[in-house]
Amino acid sequence: MEWIRKGNIFNDCHAQVPVVDTNHDGFWRIYYSKRENRGPSLPYYLDVEAGNPHKILRHSSGPILSPGQKGMFDWAGVMPTEIIQVGDLKYLYYIGWANRIDVPYHNNLGLAISHDQGQTWQKYSDGPVFATSAKEPGYVGTISIIKKDALYFGYYLSCRQWREHEGRMEPMYDIKIATSENLIDWTPLNQSAVLLENKEGGISKASVLQIGEEFFLWFAVRNAVDYRDNPANSYRIKCAKSPDLLHWKRTDDLGLDIDLQSTWENSMVEYPHVIAYQNQMYMFYNGNGFGETGFGYAILS
């Protein structure tokens, strides 16, 4: 099996981290963040025809959430990272951005809830629902959530170290596991789902699905340094498998490399979001420049 690329579908204003909600009649709603004029990341959505993402139906008229007030965890940006249907409600987890003095930024996870099928959103709280704590001393970034029995498992970006390289502070992070019974209160297990290997320095944006009796987790991984402008060290999409959601092993299959023949994904591919629809697998992802060229999708053959 391999991913068949279907191309770029949206490239407006640094559209980052596509997150797809398939719980709509006849269309998919793709949430993403974009930055205009070097401003903060703000969340928008794009509706596409179900099964045919190239057919764009409508755009949100503006951002669906605003940054928090200065001093809050999300005052410098709001970036969607996961959406969960809970009965008649939709839960949208987002990364709250804040700036720091010692390192460039700090992330925590906030939650917004929609009571009208995603037409309007309200923040659950002014503070984060999953954040820096005694059990998670670094920062908390992207998350992917799956339910097994009565427990939710969250696979989140955990940054616990920064390294200085050529005068620049570089974050080091992997994917760790947390659990929750109510999607509000999260308990970090202090256990990595996917560890860094060799020269790697960052594993981001897990996307987890159950296929048959196995669980699959897609993620983006980059080297520790020189990854912004050097394609040899930049993000690639990889995959891991697990029988129980706790013990994961990387597989050489089902990943996605850059496409040297492309103009939008020839230096990096990152931030995957994988969905199943009518016995077909779709992967939405970003390309060059951490989303500067927008996002596209691929279908598993």
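The values are calculated or read from the model by the stated rules, or taken from the named source; none is laboratory data. Treat the numbers as computed from the prediction; the structure is a model and nothing was measured. Positions of Cβ are generated from backbone atoms using ideal geometry, with glycine treated the same way; all protein chains shown enter the neighbour counts.
Do we find a residue being of a type in the set (Gly, Ala, Ser), surrounded by 17 or more Cβ atoms within 10 Å (Cβ to Cβ) and under 18 Å from the mean Cα position of the chain (by Cα) anywhere in the stretch 253-276?
Let us first name the residues in the stretch 253-276 that are of a type in the set (Gly, Ala, Ser), namely 255, 262, 267, 276.
Filter once more, so that each one left must be surrounded by 17 or more Cβ atoms within 10 Å (Cβ to Cβ): 255, 262, 267.
Okay, now just the ones that are also under 18 Å from the mean Cα position of the chain (by Cα), so 255.
Looking for residues that are of a type in the set (Gly, Ala, Ser), surrounded by 17 or more Cβ atoms within 10 Å (Cβ to Cβ) and under 18 Å from the mean Cα position of the chain (by Cα), one finds at least one in the stretch 253-276, hence yes.
Go through the residues of the stretch 260-278 one by one and say whether even a single one is in contact with a Gly (Cβ under 9 Å, 6 or more places away or on another chain), assigned to a strand (DSSP E or B) and not charged (D, E, K, R).
Among the residues of the stretch 260-278, at least one is in contact with a Gly (Cβ under 9 Å, 6 or more places away or on another chain), assigned to a strand (DSSP E or B) and not charged (D, E, K, R), which makes the answer yes.
Limited to the stretch 153-176, what total is found for residues that are among the aliphatic types (A, V, I, L, M) and surrounded by fewer than 21 Cβ atoms within 10 Å (Cβ to Cβ)?
Of all residues in the stretch 153-176, those among the aliphatic types (A, V, I, L, M) come to 157, 169, 172, 175.
Still in the running and surrounded by fewer than 21 Cβ atoms within 10 Å (Cβ to Cβ): 169, 172.
The total comes to 2.
Among what's in the stretch 77-97 and is crowded, with 22+ Cβ neighbours inside 10 Å and among the β-branched types (Val, Ile, Thr), pick the residue that is farthest from the chain's Cα centre (by Cα).
For the stretch 77-97, the residue satisfying everything is Val78.
Just wondering, is there one or more residues in the stretch 279-289 that are touching a Lys or Arg at 6+ places or on another chain (Cβ under 8 Å) and buried (at least 20 other Cβ atoms within 10 Å of the Cβ)? Walk me through how you get there before you give the answer.
First pass over the stretch 279-289, keeping only residues touching a Lys or Arg at 6+ places or on another chain (Cβ under 8 Å): none.
No - not one qualifying residue is present in the stretch 279-289.
Might you let me know whether the stretch 57-67 holds any residue that is assigned to a loop (DSSP other than H, G, I, E, B) and either over 28 Å from Gly127 (Cα atoms) or among the aliphatic types (A, V, I, L, M) (or both)? Before the answer, list the steps.
Going through the stretch 57-67, the residues assigned to a loop (DSSP other than H, G, I, E, B) turn out to be 60-67.
Filter again for either over 28 Å from Gly127 (Cα atoms) or among the aliphatic types (A, V, I, L, M) (or both), leaving 64-65.
For the stretch 57-67, residues assigned to a loop (DSSP other than H, G, I, E, B) and either over 28 Å from Gly127 (Cα atoms) or among the aliphatic types (A, V, I, L, M) (or both): present.
In the stretch 113-140, what residues are in a strand (DSSP E or B), among the polar types (S, T, N, Q) and over 25 Å from Asp21 (Cβ atoms)? Before you say what the answer is, go through the steps one by one.
Within the stretch 113-140, the first condition is being in a strand (DSSP E or B), and the residues that meet it are 113-114, 122-123, 130, 139-140.
Then drop every residue that is not among the polar types (S, T, N, Q), which leaves 114, 122.
None; the set is empty.
Cβ contacts < 6 Å: first residue in contact (Cβ under 8 Å) with a residue 12 or more places away in the chain and more than 16 Å from Met72 (Cα to Cα), restricted to the stretch 103-131; second residue of a type in the set (A, V, I, L, M) and surrounded by 14 or more Cβ atoms within 10 Å (Cβ to Cβ), any location; separation 6+ or different chain. Result?
If the second residue must be of a type in the set (A, V, I, L, M) and surrounded by 14 or more Cβ atoms within 10 Å (Cβ to Cβ), the pairs left are Trp121/Ile64; Trp121/Leu65; Trp121/Ala112.
Counting only residues that are touching an Asp or Glu at 6+ places or on another chain (Cβ under 9 Å) and of a type in the set (Ser, Thr, Tyr), which one in the stretch 85-106 is nearest to Gly118 (Cα to Cα)?
Step one: filter the stretch 85-106 for residues touching an Asp or Glu at 6+ places or on another chain (Cβ under 9 Å), giving 85, 90-98.
Keeping just the survivors that are of a type in the set (Ser, Thr, Tyr) gives 91, 93-94.
Working: Tyr91: 9, Tyr93: 13, Tyr94: 14 Å.
Checked the stretch 85-106; the qualifying residue nearest to Gly118 (Cα to Cα) is Tyr91.
Give the stretch 159-184 a look and list any residue that's assigned to a strand (DSSP E or B), in contact with a Phe, Trp or Tyr (Cβ under 7 Å, 6 or more places away or on another chain), farther than 15 Å from Val103 by Cβ and not β-branched (Val, Ile, Thr), or say none.
Lys176, Ala178, Ser180
Answer yes or no as to whether Asn23 is without any contact (Cβ under 8 Å) to a residue 12 or more places away in the chain and either in contact with a Gly (Cβ under 6 Å, 6 or more places away or on another chain) or more than 24 Å from Asp126 (Cα to Cα) (or both). Write out each step before concluding.
On the way: without any contact (Cβ under 8 Å) to a residue 12 or more places away in the chain: no; either in contact with a Gly (Cβ under 6 Å, 6 or more places away or on another chain) or more than 24 Å from Asp126 (Cα to Cα) (or both): yes.
No: the conditions fail for Asn23.
Using the structure shown, decide if Gly39 is surrounded by fewer than 20 Cβ atoms within 10 Å (Cβ to Cβ), touching a residue at least 60 places away in the same chain (Cβ under 8 Å) and among the small types (Gly, Ala, Ser). Lay out the reasoning, then the answer.
Details: surrounded by fewer than 20 Cβ atoms within 10 Å (Cβ to Cβ): yes; touching a residue at least 60 places away in the same chain (Cβ under 8 Å): no; among the small types (Gly, Ala, Ser): yes.
So Gly39 does not fit the description; no.
For the stretch 228-249, which residues satisfy the criterion of being in a strand (DSSP E or B) and surrounded by fewer than 16 Cβ atoms within 10 Å (Cβ to Cβ)?
Lys249
Of everything in the stretch 197-227 that's of a type outside the set (D, E, K, R), surrounded by fewer than 17 Cβ atoms within 10 Å (Cβ to Cβ) and out of contact with any helix residue (DSSP H, G or I) (no Cβ under 8 Å at 6 or more places or on another chain), which residue is farthest from Glu270 (Cα to Cα)?
Filtering the stretch 197-227 down to residues of a type outside the set (D, E, K, R) leaves 198, 201-204, 206-212, 215-221, 223-225, 227.
Okay, now just the ones that are also surrounded by fewer than 17 Cβ atoms within 10 Å (Cβ to Cβ), so 198, 209-212, 225.
So of that shortlist, the ones also out of contact with any helix residue (DSSP H, G or I) (no Cβ under 8 Å at 6 or more places or on another chain) come out as 198, 209-212.
On the way: Asn198: 19, Leu209: 17, Gln210: 21, Ile211: 22, Gly212: 26 Å.
For the stretch 197-227, the residue satisfying everything is Gly212.
State which residue is modelled with the lowest pLDDT when the search covers only the stretch 29-58 and only residues that are of a type in the set (Asp, Glu) and under 21 Å from the mean Cα position of the chain (by Cα). Working first, answer last.
The initial filter retains those residues of the stretch 29-58 that are of a type in the set (Asp, Glu), namely 36, 47, 49.
Filter once more, keeping what is under 21 Å from the mean Cα position of the chain (by Cα): 36, 47.
Details: Glu36: 76, Asp47: 98.
Filtering first and then ranking leaves Glu36.
Which condition number in (1) more than 20 Å from Asn286 (Cβ to Cβ); (2) surrounded by fewer than 19 Cβ atoms within 10 Å (Cβ to Cβ); (3) of a type in the set (A, V, I, L, M, F, W, C) is the one that Ile56 fails?
Of (1) more than 20 Å from Asn286 (Cβ to Cβ); (2) surrounded by fewer than 19 Cβ atoms within 10 Å (Cβ to Cβ); (3) of a type in the set (A, V, I, L, M, F, W, C), only one is false for Ile56: (1).
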